[in-house]
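Everything on this sheet refers to the single structure shown next.
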Amino acid sequence: MMTFTRAELLAEARTWIGTPWHHQAAVKGAGCDCIGFVRGAAEPFIGAITQPMNYAATWPLYRAEERLRDEMAAHSAEIDIADALPGDILLFGAGRGPAHHCGFLSDGNRLLHCYREAGAVVEHDLTGFWIEKTRAAFRMPGIA
């Protein structure tokens, strides 16, 4: 297993800033959604994730299963949200449905993620709005 630093991961993730939002895509500079962004930024460090990106844009509105959480657990270790450090992955959800959004915690209590409303990969403060929606945190293998 490759070892990498949190700074290296965040530097790679920041090269995705400005990549337009596009459902089920994972191509830096061309398009990605939140899952594609996290997968794409992590790939140079953990290798390709072969699980197909096959989900409807509205799946969390109609499904109760924790698909995102389950897939994240297949590739990383769940940690207590309070223990999350820059470079760890945060999962978010709204209402009573499953977690359906993800991004990287970054330095200075900031969030690096891609979402439709922003239209692209962005980095901003982890505000109360996002803190209230945080459902889980994960740490990738090999991160130091």
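Tabulated data
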{"item": "17 Å reach of a label modelled at L85, 7 Å along Cα-to-Cβ, counting backbone N of region 114-144", "result": "137-144"}
{"item": "Under 5 Å, built H, 5+ apart or other chain: amide partners of G103", "result": "L90"}
{"item": "Cβ charges +1 (Lys, Arg) and -1 (Asp, Glu), total dipole of the chain, debye", "result": "280"}
{"item": "For region 6-139, convex hull of alpha carbons as volume per residue, Å³", "result": "101"}
{"item": "Peptide ranges 128-136, 35-43 listed from the most packed, as the mean C-beta count within 10 angstrom indicates", "result": "35-43, 128-136"}
{"item": "Region 5-27-region 72-100 distance, computed between alpha-carbon centres (Å)", "result": "17"}
{"item": "I79 long-range amide H proximity, modeled H, under 5 Å", "result": "A137, F138, R139"}
{"item": "Whole-Hz couplings from phi, Karplus 6.51/-1.76/1.60, listed for region 115-120; x for Gly and Pro", "result": "8, 3, 5, 7, x, 5"}
{"item": "Placed amide H near L126: partners under 5 Å, 5+ positions off or other chain", "result": "R110, L111"}
{"item": "Karplus-derived 3J(HN,Hα), 6.51/-1.76/1.60, for each residue of region 3-9, Hz, glycine and proline x", "result": "9, 8, 9, 4, 5, 5, 4"}
{"item": "Using θ = phi - 60° and Karplus 6.51 cos²θ - 1.76 cosθ + 1.60, couplings along region 122-132 (whole Hz; Gly, Pro as x)", "result": "9, 10, 8, 4, 7, 7, x, 3, 7, 4, 5"}
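Each reported figure results from applying straightforward, stated rules to the coordinates on display, with no laboratory input. Values in this document were obtained by computation on a predicted structure and should not be read as measured data. Note that each Cβ is placed from the backbone with ideal geometry, even for glycine, and that neighbours are counted across all protein chains shown.
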